[in-house]
1. Just a yes or no: is a residue in the stretch 325-336 out of contact with any Leu (no Cβ under 9 Å at 6 or more places or on another chain), aromatic (Phe, Trp, Tyr), surrounded by 21 or more Cβ atoms within 10 Å (Cβ to Cβ) and not in a loop (DSSP other than H, G, I, E, B)?
2. Considering only residues of the stretch 174-194 that are in a loop (DSSP other than H, G, I, E, B) and more than 26 Å from the chain's Cα centre (by Cα), which is nearest to residue 125 (Cα to Cα)?
3. Quick check, is residue 238 within 20 Å of residue 292 (Cα to Cα) and open to solvent by 50 Å² or more (accessible area, probe 1.4 Å)?
4. Hey, residue 159 hits all of (1) exposed (fewer than 14 other Cβ atoms within 10 Å of the Cβ); (2) in a strand (DSSP E or B) but one; which does it fall short on?
5. Restricting the search to the stretch 337-373, which residues are exposed (fewer than 15 other Cβ atoms within 10 Å of the Cβ) and part of a strand (DSSP E or B)?
6. Here are 36, 26: which of them is assigned to a loop (DSSP other than H, G, I, E, B), in contact with a helix residue (DSSP H, G or I) (Cβ under 8 Å, 6 or more places away or on another chain), among the hydroxyl-bearing types (Ser, Thr, Tyr) and modelled with pLDDT under 95?
7. Within the stretch 417-448, track down each residue that is assigned to a loop (DSSP other than H, G, I, E, B) and either open to solvent by 30 Å² or more (accessible area, probe 1.4 Å) or in contact with a Phe, Trp or Tyr (Cβ under 9 Å, 6 or more places away or on another chain) (or both).
8. I want to confirm something. Restricting to the stretch 263-280 and keeping residues that are under 26 Å from the mean Cα position of the chain (by Cα) and surrounded by 14 or more Cβ atoms within 10 Å (Cβ to Cβ), which single residue is modelled with the lowest pLDDT?
Amino acid sequence: MKQYHLLLAIILLHLSIGCRAQENPSKLYDAIDLQSNCQYGLMAVSLDGKCGFIDFAGKEVIPLVYDQTTNFRKGLAVLRRNNQWEVLDTSGKLLLTLDYTSAYPMDWNLILVESENKYGWIDLTGKEILPCVYEATYRIMPGYISVKKAEKWVICTDKGEEITPHIYDDVDGVSENQSVTLVCRGGKWGVIDGSGKEIVPCAYDTKPWFVTSNTLLVKNDGKYDLRTLSGQTLTTRRYDQFKFVSSGLIEVELNGKQGVIDSLGKEVVPCRYNDVSIASDGYVRVKLAEWGLTDASGKEIVPCRYSYIGHFTDGMAQVERNGKYGFIDWSGHEVVPCHYMRVEEFSEGLAGVDLQGYPDYQWGFIDTTGKTAISGKYAEISRFSDGMVAVCRDDQWGFVNSAGKEVIPCMYEKVGDFIGGVALVFLNGSYGAIDKQGREVLPVMAEMIDRTSRKFILYSMQGKWGYIETEAPILCLGEF
């Protein structure tokens, strides 16, 4: 135990020197959740079977006296102690006590509650909106809740008023603007609006797919077409299959050939290809014997001449021809000829390239013109991040800057990318973190390390978890 305290003291000394630490860095916990509540400046923590919340400085905002807790939603969390649930705000103020089996705050000023394996809803004053008599329930669109009883679904308002009869077998899928939802009755699918009116009759064999808020991809009699909510058919012909919907484009198949239609039903890429793939970069990959590229309007950018076309990063995409790799730009021009054995995607204006191949890799970097920026001498590399790239030589990892200078010698067994000026490292069975000068902001003594947030790094010592704060801007997931 003395050795443990000495080791912890050394770590804390390094922390106080190497990075901006929280007020009480010596506090260690059984578990820390950095990400789920960070938009409120809080972290959920647990110790010796009890849980609560601390702020980023380590101050205990909600004391660790609870047996169970939910994450905050709209500034509220529900915590349980002594078999009773308490509703608290982000300051720790008690707003409400609840006598239910479980409770979950939602993001529209209602709380989902459970009693004896049945579900209901209450408002923030504790008033019962819907009693705990339902087998299942969830919110489908703003102001509306679906509930299931006796194997049938009904739609209610958030005031508890039923707007549909108990006739639906399933309720699933909401339009992009959350104004209408899909329902199933008698094995057939349709659409209802906010008044409960069946604006698209339950007549379709399989669940339709919302392409836009007003258009549906539907299947009937084994064929697919595109229709508006008012029933107008947009496509001029019916398709055998659809593969994928992205950004208002739909991959379709007809008579064994594939193409792409837009949200108005226009066939922008004709069904004459063996394969098509809509990519997030706004281009469509199309394949005959080889792959080519079109834009979203169907205009050919690159003829079908490559074995592989990657995604565009920094305005450049990887391509492969005859077993060698190069790069094309947005216009389809082959800026970097296909003469490399392997290449990595561009990042921060540079891409890793290798001329040798297995087993004598010699990775270096080129810029977007194809000019060598860093000579090929590394066995492995990562991608540039935060102005630095991890490189491996003789099974040891270090870091090089964009000028090719080896800022941090190749001395570690494993490393992570730099994020916010800090990178994780592994050496001799232990983990730590370093800054861009190679200084340890977390000594390489931790048993485990985790970076689930840009702003914080978790580390464990003898089964307990602590954290350090970096200078990186905090990026939190929003509420849904």
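1. Yes: the stretch 325-336 contains one or more residues that are out of contact with any Leu (no Cβ under 9 Å at 6 or more places or on another chain), aromatic (Phe, Trp, Tyr), surrounded by 21 or more Cβ atoms within 10 Å (Cβ to Cβ) and not in a loop (DSSP other than H, G, I, E, B).
2. In this case the residue turns out to be 194.
3. The answer is no for residue 238.
4. Single failed check for residue 159: (2).
5. 337, 339, 372
6. Details: 36 fails: in contact with a helix residue (DSSP H, G or I) (Cβ under 8 Å, 6 or more places away or on another chain).
Criteria check complete, one pass: 26.
7. Quick first cut of the stretch 417-448, residues assigned to a loop (DSSP other than H, G, I, E, B) only: 417-418, 420-421, 428-429, 436-439, 447.
417, 418, 428, 429, 436, 437, 438, 439, 447, listed by residue number.
8. Restricting to residues being under 26 Å from the mean Cα position of the chain (by Cα) and surrounded by 14 or more Cβ atoms within 10 Å (Cβ to Cβ), the top hit is 279.
The values are calculated or read from the model by the stated rules, or taken from the named source; none is laboratory data. None of the values given here were measured: they were computed from a predicted structure. Note that we place each Cβ from the backbone using ideal geometry, even for glycine, and neighbour counts take in every protein chain shown. Accessible surface areas use protein heavy atoms only, side chains included; no ligands, DNA or RNA. Shrake-Rupley method; radii C 1.70, N 1.55, O 1.52, S 1.80 Å.
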